[in-house]
1. Within the range 155-172, can one find any residue that is in a loop (DSSP other than H, G, I, E, B) and either free of Cβ contacts under 8 Å to residues at least 24 places away in the same chain or out of contact with any helix residue (DSSP H, G or I) (no Cβ under 7 Å at 6 or more places or on another chain) (or both)?
2. Being farther than 30 Å from Tyr391 by Cβ, assigned by TED's automatic domain parsing to the domain that holds Gly141 and either of a type in the set (Phe, Trp, Tyr) or surrounded by 19 or more Cβ atoms within 10 Å (Cβ to Cβ) (or both), is that true of even one residue in the range 316-325?
3. Sort out which residues of the range 12-34 are of a type in the set (Phe, Trp, Tyr) and under 21 Å from Leu155 (Cβ atoms), and write them in order of number.
4. Only helices (runs of 4 or more DSSP H) wholly contained in the range 340-422 count here; list those with 1 or more residues that are in contact (Cβ under 8 Å) with a residue 60 or more places away in the chain and among the polar types (S, T, N, Q).
5. Which one of these is out of contact with any strand residue (DSSP E or B) (no Cβ under 7 Å at 6 or more places or on another chain), over 26 Å from Glu150 (Cβ atoms) and either at pLDDT 95 or above or hydroxyl-bearing (Ser, Thr, Tyr) (or both): Pro64, Pro49, Pro71?
6. Which of the residues that make up the range 70-120 are touching a residue at least 60 places away in the same chain (Cβ under 8 Å), over 16 Å from Tyr59 (Cβ atoms) and assigned to a helix (DSSP H, G or I)?
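The values are calculated or read from the model by the stated rules, or taken from the named source; none is laboratory data. A quick note: this is a predicted structure, and the numbers were derived from the prediction, not measured. In this analysis, Cβ positions are derived from the backbone assuming ideal geometry, glycine residues included, and neighbour counts consider all displayed protein chains.
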Amino acid sequence: MSGQRTAETTSGPVAGRAGRDGAWAFLGIPYAAAPVGPRRFEPPVPPRPWTEVRDARAYGPTAPQARAGGPVARLLPQVSIPGDDYLNLNVWTPDPEGSRPVMVFIHGGSFTGGSGAIPVYDGSRFARDGVVLVTINYRLGADGFLWLGEGTPNLGLLDQIAALAWVRDNIRAFGGDPANVTVFGESAGAMSVCTLLAMPAAAGLFRRAIAQSGAARCVIGPGTAMRIGARLAGILGVAATRAAIAAVPVPRLLAAQSQLAQEVAAEPDPQRWGEVARNIMPFEPVVDGRVLPGAPAEALRRGAAADAGILVGTNAEEANLFFVPAGAVSGTDRAALSRFVRARRYPPSVVDAYRAARPAASDGELMSAIMTDGFYRIPALEIARARPGTYVYEFAWRSPAFGGALGACHALELPFVFDNLDDPGYAALLGPGPPQRIADSVHRAWVSFAATGDPGWPPYDDRDRLIRRFGASGELVADDRTDERAAWDGAW
């Protein structure tokens, strides 16, 4: 194997490099023009073509984002590469010749952070196992999800669609089959996946979908979006218009976004923030009636993307990532738990149900369990119940971090999915000697689902409620937490 290989895209030739495990990596390929200057706050358009071979051996720029801080930031890696051409993607392939299943990964980060260049997303092991793997960047924060009632909303989602269209038009040059594409994502990426299922503009761009720790409920209405936009403009001291906000230097805009997020977290009042009080994410997809015609959960219930295969699941203790490192589990009392439940508009009966089911749990542990289910697990099961044939998993291996208190927290499954347990950026979460056999099982299930539509266990139904639990034994189990699940009936 030589150290370089070229592929021809619709914009021009690119040169990739030999990677791990026999894979070829083509990195930093533009799928859309740089969203700066007159293209700021505008829908994506194709990049300017080139004729000379473009060097695609290193990651390209990443979307502007504030540097994360706090204890969670020390557990999860972050990559920031400056530059305007950040609407780019990365491809790993076993061979540019052939026609293999394709998987396109959408990163998480609360719609304000993350990138496709984070090392744990290296797709070499997917390529090793016969899959062409693609990771993408998209516009974040205000650039991707600001809506002030003017122009085009949901630019970050339109970026994702543009990347999927690039895959349709170009992936054959990398050995992929454009008729067999699986889109998958984690956290905000999973929320994006579920939203794409409901978007007419995404129809036909993928065959299957995997949503990891994020479902179809994290969207906001136009009124809430404009309220968020007005507050952002107020922090900046400018008019609430796209032109005024576009004139603000990027570092100052990122600082204002961070301040806005802190205000929401400090006072999650539904009267002030609308739906954002429940999700604690100021920038989310907007149900504008055009780009996103309706709420994704309702669209899926009515049969949107009816031909798409779906795999959805969560980690057993998602919210521990946000509560344990910050000390919230040990510092929460009954009054704080009640405020938490009210702010998120959860049914008050949920607290009683969880307290009865978990009599030894502290108020902080109950808060984490309620958020895990209310924000992640119940919306995932909602999809499975609405869409017969959906497969459901639970990732239950527990991190040894924080004396084991972190448990099966949010984002812990990622190095298992990508079979990258050796990634040093996850060492603090994984600890010494994470179980390769679980990574083998999880990774194999994702590859199998992308190739055949079957991850290796029966689909979920209301009678048997079978899910695959990836943990100590990796068994097929019945989702039998009847009392806790019933407490959420009517919550949405």
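1. Taking every residue of the range 155-172 in turn, none turns out to be in a loop (DSSP other than H, G, I, E, B) and either free of Cβ contacts under 8 Å to residues at least 24 places away in the same chain or out of contact with any helix residue (DSSP H, G or I) (no Cβ under 7 Å at 6 or more places or on another chain) (or both).
2. Step one: filter the range 316-325 for residues farther than 30 Å from Tyr391 by Cβ, giving 325.
Those still in the list that are assigned by TED's automatic domain parsing to the domain that holds Gly141 too: 325.
Those still in the list that are either of a type in the set (Phe, Trp, Tyr) or surrounded by 19 or more Cβ atoms within 10 Å (Cβ to Cβ) (or both) too: 325.
Yes, the range 316-325 contains a residue that is farther than 30 Å from Tyr391 by Cβ, assigned by TED's automatic domain parsing to the domain that holds Gly141 and either of a type in the set (Phe, Trp, Tyr) or surrounded by 19 or more Cβ atoms within 10 Å (Cβ to Cβ) (or both).
3. From the range 12-34, those of a type in the set (Phe, Trp, Tyr) are 24, 26, 31; that's our starting set.
Correct list: Tyr31 only.
4. Working: elements: 349-357, 363-371, 378-386, 414-417.
Here the list reads 349-357.
5. On the way: Pro64 fails: over 26 Å from Glu150 (Cβ atoms); Pro71 fails: either at pLDDT 95 or above or hydroxyl-bearing (Ser, Thr, Tyr) (or both).
That would be Pro49, the only listed residue that is out of contact with any strand residue (DSSP E or B) (no Cβ under 7 Å at 6 or more places or on another chain), over 26 Å from Glu150 (Cβ atoms) and either at pLDDT 95 or above or hydroxyl-bearing (Ser, Thr, Tyr) (or both).
6. Result: Gly70, Pro71, Val72.
Residue-by-condition table, conditions (1) crowded, with 19+ Cβ neighbours inside 10 Å; (2) farther than 20 Å from Leu140 by Cα; (3) in the same structural domain as Glu150 (by TED's automatic domain parsing):
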position: Pro249; (1), (2), (3): no, no, no
position: Gln257; (1), (2), (3): yes, no, no
position: Ala265; (1), (2), (3): no, no, no
position: Gln271; (1), (2), (3): no, yes, no
position: Gly289; (1), (2), (3): no, yes, no
position: Leu300; (1), (2), (3): yes, yes, yes
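Matching residues to (1) surrounded by 23 or more Cβ atoms within 10 Å (Cβ to Cβ); (2) farther than 30 Å from Tyr346 by Cα; (3) hydroxyl-bearing (Ser, Thr, Tyr):
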site	(1), (2), (3)
Glu382	no, no, no
Ala386	no, no, no
Tyr391	yes, no, yes
Asp423	no, yes, no
Ala450	yes, yes, no
Pro458	no, yes, no
Leu466	no, no, no
Phe470	yes, no, no
Ala486	no, no, no
